[in-house]
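Reviewing the structure listed below.
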Amino acid sequence: MKLKPSRKVTRRPTLPIGTYKMDTIVFDIETSNFFTDPGVGRDNFEALKISVVGVYSYMRDKYFCFEESEMSQLAELFADASRIVGFSMNSYDIPVLNLYFQRFGIPMQNIWEKERVDLLQEIEMAAGQRISLSRLSEANLGVKKDRHGSEAISLYKEGKIEELKSYCLKDVELTKKLYDLYIKQRFFMIPDKKTGKVIKVEFSKEYATLF
């Protein structure tokens, strides 16, 4: 099963800040380097450089993709959002992006202070195990990622920015569809790490608020 190419993609918000104050956004970042690179080091988020950020806005019903030079436009979407959704965002995406907003001197609320739903963290709390976005998507949506995460850095270094944006937005689309399931059915089907058997992992809350 393949996801239909139905994304509506635009480069920036089209209405003034404040129009979508109750928005929910799903996002994913790609970086041009990683912790294992020379001069970076474990958990050195300040040394990571953003290549692109993909976003889906529920109230706008649009996908956006921003490059490093467009952080102020990206901040408009985050300023309007009351809820942030991602996959492993609490341990990677948010620490990197929050530092970027500070570095660029963009005046906005600290992302950690917003209502956040990290789907991977929800799974860890409910099932006691981790799972990749690709395996989770395959088990619940019938489709998996067609590229490995490490390829994102290679695409950037090769100057294939449009391919990189497409890859990032695919991750956003998968995360968005999984979040829709999370809200609608309050469970995921997950392959058990030890036995390989697919198990039903239920969530007791309508959505998570993590601080």
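Each reported figure results from applying straightforward, stated rules to the coordinates on display, with no laboratory input. All values reported here derive from a predicted model rather than from experimental measurement. Don't worry about glycine lacking a Cβ; one is built from the backbone with ideal geometry, like all the others, and counts go over all protein chains shown.
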- line: Computed from the beta carbon distance with a Förster radius of 25 Å, FRET efficiency for M22 and E158 to the nearest 0.05 stands at 0.05
query: What number comes out for the charge environment of F104, summing +1 per Lys or Arg and -1 per Asp or Glu over other residues with Cβ under 11 Å away?
result: -1
message: Quick check: net charge around D118, other residues with Cβ under 10 Å of its Cβ, Lys/Arg +1 and Asp/Glu -1?
response: -2
Burial ordering of I25, I199, I111, fewest other beta-carbon atoms within 10 Å first: I199, I111, I25
message: If neighbour count is taken as other Cβ atoms inside 10 Å, put K197, K157, K170 in order from fewest to most.
response: K197, K157, K170
- prompt: For segment 134-183, what mean projected area does the convex hull of the alpha carbons give, in nm²?
  reply: 3.3 nm²
query: Going by how many other beta carbons lie within 10 Å of each one, how would you line up S137, S69, fewest first?
result: S69, S137
- line: D (µm²/s, integer) via Stokes-Einstein for the chain, Kirkwood Rh across alpha-carbon pairs, 25 °C, 0.890 mPa s: value 139 µm²/s
- prompt: Suppose every K and R has +1 on its Cβ and every D and E has -1 on its Cβ; what is the size of the dipole of the chain about the Cα centre, in Debye to the nearest 20?
  reply: 720 debye
field: segment 67-211: antiparallel DSSP beta bridges as a percent of all, rounded to 5
entry: 55 percent
query: For segment 22-115, what proportion of DSSP beta bridges, expressed in % and rounded to the nearest 5, is antiparallel?
result: 70 percent
message: Given a Förster distance of 35 Å, report the FRET efficiency between V198 and S69 from their Cβ-Cβ distance, rounded to the nearest 0.05.
response: 0.20
